[in-house]
Amino acid sequence: MKMLLPFINETFPGVIWRMEIDSLSETIFMEIRDTGDKKVSFSSVDLLNGKPNFTGFTTPERWLTGMEAAYDGLLLLHNYQSEGAPVHKGIIAIDNKATICWSNYTYAFDHLTINGPIVYNAQIQPKKLFLADIKTGTAIRPYEPAIDTEPENYIEVPQIFPPSYLQQTLPIEPHGDIIHYVEHNNLRIVSLHSLKAEQLKQHLYIIDDGIIIYDDLLNAGIQKLQPESFIIYKNSLIYIKNKSELKVLNL
């Protein structure tokens with residue numbers, strides 16, 4: 001039986017704080033935060049060829065910057081008004097060559113649609129939403145909810161079950177009364193926790209017809225049970241190991 005190996009295996013210099021997948025360009029973008037150095041950077045990986053598009057992109061604002069959304073090969077970033085406030089301000093658009101395509105510091109992002117980003121001028125109240133051109137940032141037309149609908153993200157998250165749901169012997173004794181589980185392409189994918197010698201760990205297993213064809217230790221020495229540790233995107237398993245390693249397997 002064929003054993004699986006990661007198609008993408010990238011380690012980043014900080015915590016993978018957030019991920020965004022652009023299904024139009026088949027790109028995964030990541031927000032990487034180094035809390036010790038108070039520095040945030042952004043990286044992009046091509047989900048089709050497995051190669052990084054860019055890594056370590058930073059803006060002049062070292063810390064108060066984050067991701068908004070990704071669409072058609074571009075990543076939208078924002079700044080924060082202050083460290084103690086969650087309010088976003090401004091939009092910066094970068095492409096898969098880490099080139100800034102446009103920026104506007106009076107705009108604010110509202111949400112993403114199948115036609116592109118919906119934004120508004122933060123200096124005008126009440127706010128008036130409009131569709132912006134993702135490539136240039138220019139206004140196209142007012143927001144129309146009937147046609148500017150939510151895009152499909154093609155993401156499946158694992159469900160929560162008791163360990164007994166698998167009805168088979170697991171390689172280790174699960175700690176706690178839940179596992180995270182999904183079935184895809186006749187494969188059983190499960191994440192669970194174990195407790196041995198007072199050490200809590202998080203594991204991932206892929207099972208094919210009762211045989212483990214892939215396993216990984218996601219986290220060791222953790223203090224509490226972790227949330228779901230993986231997603232299925234189309235035909236790929238995507239997960240983060242040790243908070244800083246991106247791994248993608250083609251299922």
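Couple of notes before you dig in:
- For the stretch 167-251, applying the loop criterion from DSSP together with a ceiling of 16 other beta carbons within 10 Å to the trypsin sites (Lys or Arg not before Pro) yields Lys224, Lys234, Lys243.
- The tail of the calculated P(r) for the stretch 1-94 beyond 21 Å holds 34 percent of all Cα-Cα pairs.
- Taking Trp102, Trp17 and ordering them by how much accessible surface each has at a 1.4 Å probe, largest first, produces Trp17, Trp102.
- Heavy-atom accessible area per residue - the chain, 1.4 Å, Å²: 52
- Two-decimal Rg/Rh across the stretch 61-135, once Rg and the Kirkwood Rh are taken from alpha-carbon atoms: 0.95
- Nearest-0.05 FRET efficiency for Ile114 and Asp208, computed from C-beta distance (R0 35 Å): 0.45
- Violating pairs (Cα-Cα greater than 27 angstrom) within the set Lys224/Lys247; Lys39/Lys128; Lys38/Lys97; Lys39/Lys196; Lys38/Lys196; Lys97/Lys234: Lys39/Lys128; Lys39/Lys196; Lys38/Lys196
- Pairwise label distance in nanometres, Thr55 with Asn104, each label 7 Å out on the Cα-Cβ vector: 3.4
- Here Lys89 is the anchor, and the aspartates and glutamates within straight C-alpha reach of less than 14 Å, apart from those fewer than 8 places off in the same chain, are Glu61, Glu68, Asp110.
- Linear extension gain, Glu228 paired with His175, 0.36 nm per residue minus alpha-carbon span: 17.6 nm
- Among residues other than Lys224 with Cβ under 15 Å from its Cβ, the summed charge is -1 (Lys and Arg +1, Asp and Glu -1).
- Excluding exposed DSSP-loop GluC sites (Glu not before Pro) (at most 16 other C-beta within 10 Å), longest clean stretch of the chain: 84-151
- Furthest towards positive pole of dipole, Pro163, Pro86, Pro6, structure part the chain, Cβ charges: Pro86
- Shape analysis of the stretch 204-248 places it in the oblate category; the axes a ≥ b ≥ c from the Cα gyration tensor give an a/c of at least 1.5, with a/b not above b/c.
- Once the convex hull of all Cα atoms in the chain is built, its volume per residue stands at 153 Å³.
- With R₀ fixed at 22 Å, the C-beta to C-beta distance from Asn186 to Tyr165 puts the FRET efficiency at about 0.85.
- Label-point separation in nm, Asn235 to Asp37, each point 7 Å along Cα→Cβ: 3.8
- Extending 7 Å from the Cα toward the beta-carbon at both Ser244 and Tyr154 defines two label points whose distance is 3.1 nm.
The values are calculated or read from the model by the stated rules, or taken from the named source; none is laboratory data. The structure presented is a predicted model; accordingly, all values stated were derived computationally and were not measured. Positions of Cβ are generated from backbone atoms using ideal geometry, with glycine treated the same way; all protein chains shown enter the neighbour counts. Heavy atoms of the whole protein, side chains included, go into the accessibility calculation; ligands, DNA and RNA do not. Shrake-Rupley method; radii C 1.70, N 1.55, O 1.52, S 1.80 Å.
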